[in-house]
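Below is one structure; the comments refer to it alone.
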Amino acid sequence: MEPKKNPKANVSRNSALYFAIGLAIMLALTNFAINFKTYDKEAIDIGMVSMDQEMDEEVPITEQLNTPPPPPPPPAAPEVIEVVEDEVEVEETVIESTETSQEEEIAEVEDIEIEEVDEDVEVPFSIIENVPVFPGCEKGNNAAKKKCMSEKISKFVGKNFDTDLAGELGLTGRQRINVIFKIDKSGNITGVRARAPHPKLEQEAARVINKLPKMKPGMQRGKAVIVPYSLPIVFQVQD
């Protein structure tokens, strides 16, 4: 059976293409309608500027003031030269030459003896070359002598210090006394200073330190020197 319609007359065959063409035309027309502008065509009379007219401007005449010239300066006072007679005689100082000639005898200078000044040099206990030697600490090297000296002094103080004094003064708990003294160049104890919670404790600490035996003085570069020493005294007051 033959179809009644012509296949070339099928409109739906290119419907998508026609839709796209129509959409593009509508968008173009919409854009043109949005951006379309109109202007009023009225004649605007801005006038004509005539440059033929000359601008005459009257300049006011100002009057010049004639100021009088400044007065001349007063004449300078004449210099008065006073002649003073030279009545004072000036003594001239004659400087003699200090250069010597070959004929002049040169005096011999005797040998000058330079006396060594004995300075009180203090060297800390921690860095001294040879520490002071406490009696009974003669053996061993420098470190051993330091340790022996510290132990001997601590033992001596613990034996002679009156720890009951703090209780009698009404002090309780742990007590600390800082003592500083010096071992001079002869090995004697000097310059004892103490700091404690009570002056009586300071006096007791100074009394005990002054009873330390004489030591062999410390040596620095082969010379006896003063050696400062600090000692903390710590004890507990029994309630």
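The values are calculated or read from the model by the stated rules, or taken from the named source; none is laboratory data. Worth saying up front: this structure is predicted, and the values here are computed from it rather than measured. Here Cβ is always computed from backbone atoms with ideal geometry, including for glycine, and neighbour counts include all displayed protein chains. Heavy atoms of the whole protein, side chains included, go into the accessibility calculation; ligands, DNA and RNA do not. Shrake-Rupley method; radii C 1.70, N 1.55, O 1.52, S 1.80 Å.
Points worth noting:
- Those residues of region 155-171 which are surrounded by 15 or more Cβ atoms within 10 Å (Cβ to Cβ) and part of a helix (DSSP H, G or I), in sequence order: PHE156, VAL157, LEU165, ALA166
- Residue in region 214-229 that is open to solvent by 30 Å² or more (accessible area, probe 1.4 Å) and closer than 15 Å to VAL157 by Cβ present: no
- Residue match in region 172-189 (condition: without any contact (Cβ under 8 Å) to a residue 24 or more places away in the chain, farther than 13 Å from TYR229 by Cα and open to solvent by 40 Å² or more (accessible area, probe 1.4 Å)): no
- Contact map, region 137-159: residues that are under 23 Å from VAL237 (Cα atoms) paired with residues that are in a helix (DSSP H, G or I), Cβ distance under 6 Å, separation 6+ or inter-chain. Pairs shown: VAL157/VAL208.
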